[in-house]
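Q: I'd like to ask you about the structure that follows.
The values are calculated or read from the model by the stated rules, or taken from the named source; none is laboratory data. Because the structure is a prediction, the values reported are computed rather than measured. Here the Cβ positions follow ideal geometry from the backbone for every residue, glycine too, while neighbour counts run over all protein chains shown.
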Amino acid sequence: MAAVETEAPDLSLSDVNINWDRLDKTRFHVIGAILFTVQQGLLHPTAVVKTRMQVDGSGLSHVSGFQVFKRILKADGIPGIFRGFGTGAVGALPGRVLALTSLEMAKDAALRYTEKMDLSEATRITVSNGFAGLASNVVSCAYFVPLDVICQRLMIQGLPGMPTYQGPFNVVQRVLQNEGIRGLYRGFGVTILTNSPASALWWGAYGASQHAIWRSLGYGNGNDSEKKPSQLELVGVQATAGTLAGACSSIITTPIDTIKTRLQVMDDYGSGRPSMRKTTRKLLEEDGWRGFYRGFGPRFLNMSLWGTSMIVTYELIKRLSVKRE
């Protein structure tokens, strides 16, 4: 994250990080809840399109994301592209508190731990951000996986052979009825084993990218200690680093996301409970290796836009939440 304050004379770790102990925690979580909910709403349609393209039997696996979007609008109108948003937005609030707190505390701890090590500033930033992303994902997975299962089932309503639910509580009731608590944690193992390293990669890439961009612009290299970044430079560098990290992550993680999505939404009890092995084999039978990149277009767009908007929003939240002297 390595946030940069416009008042800082240069971009050294000691001056530009807005660390956990400098934040007003109440303001941080309240502002974060508002801004991240808005961001989630803007990107939710791409998540609906991506999920529908990945589901077996949807007939949409070989259709472009834009065509899927138009079909949903034609069939269900605006409510169709926002299916599951209310549940996701409200349900994510406690999870965000958990994720943001663990992220900042882990980053702060990693920075303190590496302070006396013989590491370059760039390495410390990359390692601390990567460790924070890993720790935050592990902590928050226990909360977000059941929420993901519920939201995705709401998103695929209306597809051939898919059940219809009367809201999120009905999803929970029916999943518990058929599968017990394990049903709400479908894909938990694959999520935590893949998303945690992916989260570490994203945050590490973001920290490294931002540090490299600032140095290429002449900050933090000792040549001009009085040079200060403008607000436009600040947002531009953070947005660029977030875009690079999001795009990179989407390419690497889309295959496992396709498997996870199908594990969480498909009901195929006639041939036994779904498993990662069965799902992988069926994808290969249906579409070869291309099947693992179903929904790649909207997911790439979602993660690139998410990376950009999330990090700009997140850094803004931190600047707005600094304790007043």
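Q: Considering only residues of the stretch 153-197 that are in contact with a Gly (Cβ under 6 Å, 6 or more places away or on another chain) and on the phi < 0 side of the Ramachandran plot, which is surrounded by the most Cβ atoms within 10 Å (Cβ to Cβ)? Steps first, answer last, please.
A: So the first thing to find is which residues in the stretch 153-197 are in contact with a Gly (Cβ under 6 Å, 6 or more places away or on another chain), and the list is 154-155, 160-161, 175.
Filter once more, keeping what is on the phi < 0 side of the Ramachandran plot: 154-155, 160, 175.
Values: Leu154: 23, Met155: 29, Pro160: 8, Val175: 23.
Here the residue is Met155.
Q: Take the residues in the stretch 113-144 that are in a helix (DSSP H, G or I) and of a type in the set (D, E, K, R); name whichever of them is surrounded by the most Cβ atoms within 10 Å (Cβ to Cβ). I'd like the intermediate steps shown before the answer.
A: As a first pass, look at the stretch 113-144 and keep what is in a helix (DSSP H, G or I): 113, 121-144.
Now drop any that are not of a type in the set (D, E, K, R), which leaves 121, 124.
Values: Glu121: 15, Arg124: 20.
If we take residues in the stretch 113-144 being in a helix (DSSP H, G or I) and of a type in the set (D, E, K, R), then Arg124 is surrounded by the most Cβ atoms within 10 Å (Cβ to Cβ).
Q: Looking at (1) buried (at least 16 other Cβ atoms within 10 Å of the Cβ); (2) of a type in the set (A, V, I, L, M, F, W, C); (3) at pLDDT 90 or above, can you tell me which one Ala109 breaks?
A: All conditions are met except number (1).
Q: May I ask you to list pairs of residues, at least six apart or on different chains, whose Cβ atoms are under 6 Å apart, with the first in the stretch 156-177 being closer than 20 Å to Ala92 by Cβ and at pLDDT 85 or above and the second being of a type in the set (Phe, Trp, Tyr) and surrounded by 15 or more Cβ atoms within 10 Å (Cβ to Cβ)?
A: Qualifying pairs under 6 Å: Val171/Tyr165.
Q: Only one of (1) among the charged types (D, E, K, R); (2) in a helix (DSSP H, G or I); (3) under 24 Å from Ile256 (Cα atoms) is not met by Arg174, so which one is it?
A: (3)
Q: Go through the stretch 16-55 and count every residue that is closer than 27 Å to Ile259 by Cα and either part of a helix (DSSP H, G or I) or of a type outside the set (Val, Ile, Thr) (or both).
A: Taking the stretch 16-55 and keeping what is closer than 27 Å to Ile259 by Cα, we get 36-37, 39-55.
From the residues that got through so far, the ones that are either part of a helix (DSSP H, G or I) or of a type outside the set (Val, Ile, Thr) (or both) too are 36-37, 39-54.
Going through the stretch 16-55 one residue at a time, the tally reaches 18.
Q: So which residues in the stretch 309-325 are surrounded by fewer than 19 Cβ atoms within 10 Å (Cβ to Cβ) and not in a helix (DSSP H, G or I), if there are any at all?
A: Once the filter is applied, which keeps residues that are surrounded by fewer than 19 Cβ atoms within 10 Å (Cβ to Cβ) and not in a helix (DSSP H, G or I), the stretch 309-325 yields Val322, Lys323, Arg324, Glu325.
A quick yes/no check of all residues on (1) in a helix (DSSP H, G or I); (2) modelled with pLDDT of 75 or more; (3) crowded, with 19+ Cβ neighbours inside 10 Å; (4) within 23 Å of the chain's Cα centre (by Cα):
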| position | (1), (2), (3), (4) |
| --- | --- |
| Ser199 | yes, yes, yes, yes |
| Gln210 | yes, yes, yes, yes |
| Asn221 | no, no, no, no |
| Glu286 | yes, yes, no, no |
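Q: Moving to a separate point now. Name the pairs: first residue in the stretch 113-135 and at pLDDT below 85, second residue crowded, with 17+ Cβ neighbours inside 10 Å and among the small types (Gly, Ala, Ser), Cβ to Cβ under 8 Å, at least 6 apart or on different chains?
A: So the pair list comes out as Glu121/Gly220; Ala122/Ala208.
Q: More than 22 Å from Leu42 (Cβ to Cβ), touching an Asp or Glu at 6+ places or on another chain (Cβ under 9 Å) and at pLDDT 80 or above: which single residue out of Lys227, Lys323 fits that description? If you could, list the steps in order and put the result at the bottom.
A: Working: Lys227 fails: at pLDDT 80 or above.
After applying the criteria, what remains is Lys323.
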